[in-house]
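Take a look at the structure set out below.
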Amino acid sequence: MSLQKADEHDHERWLKEKDLSPLERSFLVSLIWMDKRLRIVDYLELLETLYYRVNLQMPKSHTEQYDLDNKFWYWYPLYTLGFFSTLAYVVAAISGALLGFYYSPAIGAAAAGEQSVAYQQIAFIMQDLQFGYMLRSIHRWSAQVMTAAVFLHMLRVYFTGAYKEPRELNWLLGIVLISLTMVFGYTGYLLPWDQLSYWAGQIGVEMSLSIPLVGEWVAQLIFGGFSLSQSTLMRMYILHVFLLPFVVTTLIAIHIGIVWVQGIAEPH
Ligand code: HEM
């Protein structure tokens, strides 16, 4: 029952009579305050019921079935790879947000062979900004560690058979996540707008153009034209710092939420 529906004076009397620590008291007072406005207790109960219903339908894990509670299985360290992917993602997100204070996605009036504004900002971060080289290195390294960890995590899931029923959906979500991780890497690689970025962009345009029937449309959509320009850099920037962070964060939350509901698959 919602706290809202109970007699308000009951709460106050009960809170006075109980011997509560200041922390417990302020927690309960805030809970009652929130519940009066948002009925959170009702919704929490609903969530709890849902959680137990879902869990009841799950098959027994290997550990439960064979009573292996105290056994250490030599593959277990590899079960931390999903966590390392998440950790690397968080580090990349924080260092990326800080880099965003100094970077600018502009080519400017640079003629062919001259430095773009984007490149000059990267040079500023590396040479003049206090600890700038460190910030950029943390971002690049965490991005690469994430890619490696996600790939190894996928191998772990495959070789332990953890993708099998009832975890097919999380495997499919994983495929989307590894693809988006690579798109993250590619869009970020283009941002310094140096020679490596430029020619990687050129390869991207040509790969898009080589798609039968819809190639030109895809090149327009992703790269803003058939040759590299300010529109290309702006698109990569928006994908990298706006669109992908929202989408990937949401999908990782759903992915881990599903693991939480289903429980970890034990080796078979
Ligand atoms: C951004 C990328 C990813 C993140 C942050 C992530 C995170 C996680 C975490 C924290 C777990 C808990 C178990 C563990 O750590 O091993 C997990 C489990 C799982 N992941 Fe991922 N994952 C990612 C990508 C993938 C990919 C690429 C696949 C496969 C194509 C995948 C499929 C699965 C499956 C099937 C499980 C359940 C495994 C089990 O129950 O033992 N994930 N993931």
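Inclusion of Gly161 among residues that are out of contact with any Asp or Glu (no Cβ under 8 Å at 6 or more places or on another chain) and modelled with pLDDT under 95 is warranted. Would you check if Val259 is touching a residue at least 40 places away in the same chain (Cβ under 8 Å), within 16 Å of the ligand (Cβ to nearest atom) and under 27 Å from the mean Cα position of the chain (by Cα)? When the stated conditions are applied, Val259 passes them.
Restricting attention to region 195-203, does a residue exist that is in contact with a Gly (Cβ under 6 Å, 6 or more places away or on another chain) and closer than 24 Å to Ala93 by Cα? No, the conditions are met nowhere in region 195-203. One residue stands out in region 166-192 among those that are outside any helix (DSSP H, G or I) and open to solvent by 30 Å² or more (accessible area, probe 1.4 Å): the one that is farthest from Gly96 (Cα to Cα), namely Pro166. Could you tell me whether region 105-114 includes any residue that is closer than 24 Å to Val248 by Cα and at pLDDT 95 or above? Within region 105-114, one or more residues are closer than 24 Å to Val248 by Cα and at pLDDT 95 or above.
Checked against (1) of a type outside the set (Asp, Glu); (2) in contact (Cβ under 8 Å) with a residue 12 or more places away in the chain; (3) not in a helix (DSSP H, G or I), Tyr163 passes all but condition (2). Across region 115-146, the qualifying residues are those that are buried (at least 18 other Cβ atoms within 10 Å of the Cβ), of a type in the set (S, T, N, Q) and at pLDDT 95 or above, and the one among them that is farthest from Ile258 (Cα to Cα) is Gln121.
The values are calculated or read from the model by the stated rules, or taken from the named source; none is laboratory data. It should be emphasised that the depicted structure is a prediction, and the values quoted were computed from it without experimental measurement. Neighbour counts are summed over all protein chains in view; Cβ atoms, including those assigned to glycine, are modelled from backbone coordinates with ideal geometry. These accessible areas exclude ligands, DNA and RNA; they are computed on the full protein's heavy atoms, side chains included. Shrake-Rupley method; radii C 1.70, N 1.55, O 1.52, S 1.80 Å.
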